[in-house]
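As structure tokens, the structure follows; a few thoughts come after it.
The values are calculated or read from the model by the stated rules, or taken from the named source; none is laboratory data. Just so it is clear, the model here is predicted, and its values are computed rather than measured. Cβ sites come from the backbone with ideal geometry, for glycine too, and all protein chains shown count toward neighbours. What goes into the accessible areas is simple: the full protein's heavy atoms, side chains included, and nothing from ligands, DNA or RNA. Shrake-Rupley method; radii C 1.70, N 1.55, O 1.52, S 1.80 Å.
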Amino acid sequence: DDVLVLAARRPCRPDVLTQIARSPRWSHRPRIRIALVLNPDTPLDVAAPLVALLVRQELRLVSTSTTVAPAVRALCNEHLERRPPSPFDDADDELLQ
């Protein structure tokens with residue numbers, strides 16, 4: 001939980017966020033990944049590979065967030081356009097409401 005709080009902290013030093021993202025122990029956890037991608041202090045070269053691991057629901061969340069860097073939002077939109085929708089997308093949307 002402490003690492004999640006640290007990954008979501010704003011402002012946060014980019015080198016700290018980079019260390020979290022590069023740690024195999026933390027980078028495989030979905031909540032940590034989304035916190036890093038949503039954090040505007042995460043460097044683009046760190047956030048970009050993490051965006052590729054997000055599911056459609058997370059990509060939509062990041063692409064509509066006004067706090068993330070425009071380049072990260074654009075990257076999420078590209079991934080959304082390239083990935084075909086799945087039959088589970090409608091069910092995921094209902095869960096979010």
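Scanning region 31-54 for residues that are under 26 Å from residue 81 (Cβ atoms) and either open to solvent by 70 Å² or more (accessible area, probe 1.4 Å) or among the acidic types (Asp, Glu) (or both) yields a total of 5. Restricting attention to region 17-55, the residues that are part of a helix (DSSP H, G or I), over 9 Å from the mean Cα position of the chain (by Cα) and farther than 18 Å from residue 69 by Cα add up to 7.
A search for C-beta distances below 7 Å between a residue of region 12-41 that is free of Cβ contacts under 8 Å to residues at least 24 places away in the same chain and any residue that is surrounded by 14 or more Cβ atoms within 10 Å (Cβ to Cβ) and of a type in the set (Phe, Trp, Tyr), counting only pairs 6+ apart in sequence or on different chains, returns 20/26. Scoring residue 90 on the criteria (1) closer than 25 Å to residue 2 by Cα; (2) modelled with pLDDT under 95; (3) not in a loop (DSSP other than H, G, I, E, B) leaves a single failure, condition (1). Which residues, counting only those in region 1-16, are crowded, with 16+ Cβ neighbours inside 10 Å and in a loop (DSSP other than H, G, I, E, B)? Across region 1-16, the qualifying residue is only 12. Quick check on residue 62: is it open to solvent by less than 90 Å² (accessible area, probe 1.4 Å), within 17 Å of residue 77 (Cα to Cα) and of a type in the set (A, V, I, L, M)? Yes, satisfied.
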